[in-house]
1. Filter the stretch 114-127 down to residues that are crowded, with 16+ Cβ neighbours inside 10 Å and more than 30 Å from the chain's Cα centre (by Cα) and give me whichever is nearest to residue 75 (Cα to Cα).
2. Would you pick out the residues in the stretch 132-158 that are surrounded by fewer than 19 Cβ atoms within 10 Å (Cβ to Cβ), closer than 13 Å to residue 288 by Cβ and free of Cβ contacts under 8 Å to residues at least 24 places away in the same chain?
3. Please determine whether any residue of the stretch 194-201 is assigned by TED's automatic domain parsing to the domain that holds residue 273, at pLDDT 80 or above and surrounded by fewer than 17 Cβ atoms within 10 Å (Cβ to Cβ).
4. Residues to consider are 106, 120; find the one that is at pLDDT below 95 and touching a strand residue (DSSP E or B) at 6+ places or on another chain (Cβ under 9 Å).
5. Which condition number does residue 189 fail, the rest of (1) modelled with pLDDT under 85; (2) surrounded by 16 or more Cβ atoms within 10 Å (Cβ to Cβ); (3) in contact with a helix residue (DSSP H, G or I) (Cβ under 7 Å, 6 or more places away or on another chain) being met?
6. From the list 309, 324, exactly one residue is free of Cβ contacts under 8 Å to residues at least 40 places away in the same chain and either surrounded by fewer than 18 Cβ atoms within 10 Å (Cβ to Cβ) or touching a helix residue (DSSP H, G or I) at 6+ places or on another chain (Cβ under 6 Å) (or both). Which is it?
7. Looking for whichever is under 23 Å from residue 205 (Cβ atoms) and surrounded by 19 or more Cβ atoms within 10 Å (Cβ to Cβ) here; the options are 353, 273. Which one fits?
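The values are calculated or read from the model by the stated rules, or taken from the named source; none is laboratory data. Computed from a predicted structure; not experimentally measured. A quick note on method: Cβ atoms are made from the backbone with ideal geometry, for glycine too, and the neighbour counts reach across all protein chains shown.
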């Protein structure tokens with residue numbers, strides 16, 4: 001529990017027994033999307049010598065297709081983009097053209113051409129038919145997608161390509177990882193303990209942590225003495241600040257206190273204390289990482305405006321998330337800071353002040 005700077009105490013919560021019963025009900029009803037792609041490879045992009053591309057097939061793609069993948073990777077590297085971007089580019093071209101420079105389009109886009117099936121509005125025919133230049137066009141747009149690094153790879157690609165199915169490219173992610181690894185030597189497999197998908201921050205940074213996961217003195221009437229959450233607050237003037245989804249999923253609950261989003265992996269992330277009138281999503285909506293979902297509020301029980309972030313793993317099917325320790329005092333809930341660590345991230349980093 002914390003006093004932000006020197007003023008408002010922000011905290012909360014609801015009796016644990018009520019919450020446990022509530023989630024038992026919600027998770028029976030919550031929907032689920034297709035499983036998310038795994039974490040992307042970390043590190044800077046690698047320049048590839050197109051003349052040394054292997055002749056043997058990789059993930060079912062032959063030499064000429066691998067050369068095109070090398071051009072895609074080099075276009076990302078030339079723009080200073082990461083290995084993750086390289087893999088996203090290769091994944092997208094696999095889905096659009098099978099890593100071939102196509103001279104024809106389809107019914108939806110008869111003027112589509114090249115590796116990325118780019119239409120006339122993307123540029124000249126010569127540029128769209130050139131593997132390096134067409135990839136450059138793709139990456140220039142990818143760079144302008146807000147928070148593309150924290151989106152699921154298929155969703156980042158969808159933001160650029162604007163195709164019908166946002167999850168269409170997900171099935172090519174693993175093969176793209178095999179190809180980029182074979183060409184660069186940088187493994188695209190998630191590191192040990194890496195969860196599924198990427199994480200965003202729930203508030204604009206910097207923010208303070210005003211209470212942590214674990215036992216505490218109840219700060220106000222109706223709040224629990226065991227806090228199965230972390231409290232976060234933009235200080236000063238925390239009221240009305242945007243709240244963002246930290247992962248994609250489906251909204252399964254939006255009541256007076258809770259806004260809960262169920263992950264494709266079965267666990268549920270809840271955002272507490274925003275007012276229902278400030279919610280930007282409703283039950284049944286699908287949301288993406290980094291999407292603005294509500295505004296920070298002080299819905300009771302609370303001692304001030306703040307976000308209570310909590311994660312319930314009842315129904316989880318992700319084996320990495322299943323390794324997180326559970327506290328018998330609050331069955332089903334996990335420490336959000338440990339959840340972030342699973343994804344190689346820090347929730348309360350050097351810019352975050354702990355005031356509790």
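1. Looking at the filtered set, the residue picked out is 127.
2. The answer is 145, and nothing else.
3. Looking for residues that are assigned by TED's automatic domain parsing to the domain that holds residue 273, at pLDDT 80 or above and surrounded by fewer than 17 Cβ atoms within 10 Å (Cβ to Cβ), one finds none in the stretch 194-201, hence no.
4. Working: 106 fails: touching a strand residue (DSSP E or B) at 6+ places or on another chain (Cβ under 9 Å).
Exactly one residue qualifies, and that residue is 120.
5. Unmet condition: (2).
6. Working: 309 fails: free of Cβ contacts under 8 Å to residues at least 40 places away in the same chain.
The match here is 324.
7. On the way: 353 fails: surrounded by 19 or more Cβ atoms within 10 Å (Cβ to Cβ).
After applying the criteria, what remains is 273.
Table: residues versus (1) buried (at least 19 other Cβ atoms within 10 Å of the Cβ); (2) in a loop (DSSP other than H, G, I, E, B); (3) at pLDDT below 95.
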site: 36; (1), (2), (3): yes, yes, yes
site: 68; (1), (2), (3): yes, no, no
site: 90; (1), (2), (3): yes, no, no
site: 100; (1), (2), (3): no, yes, no
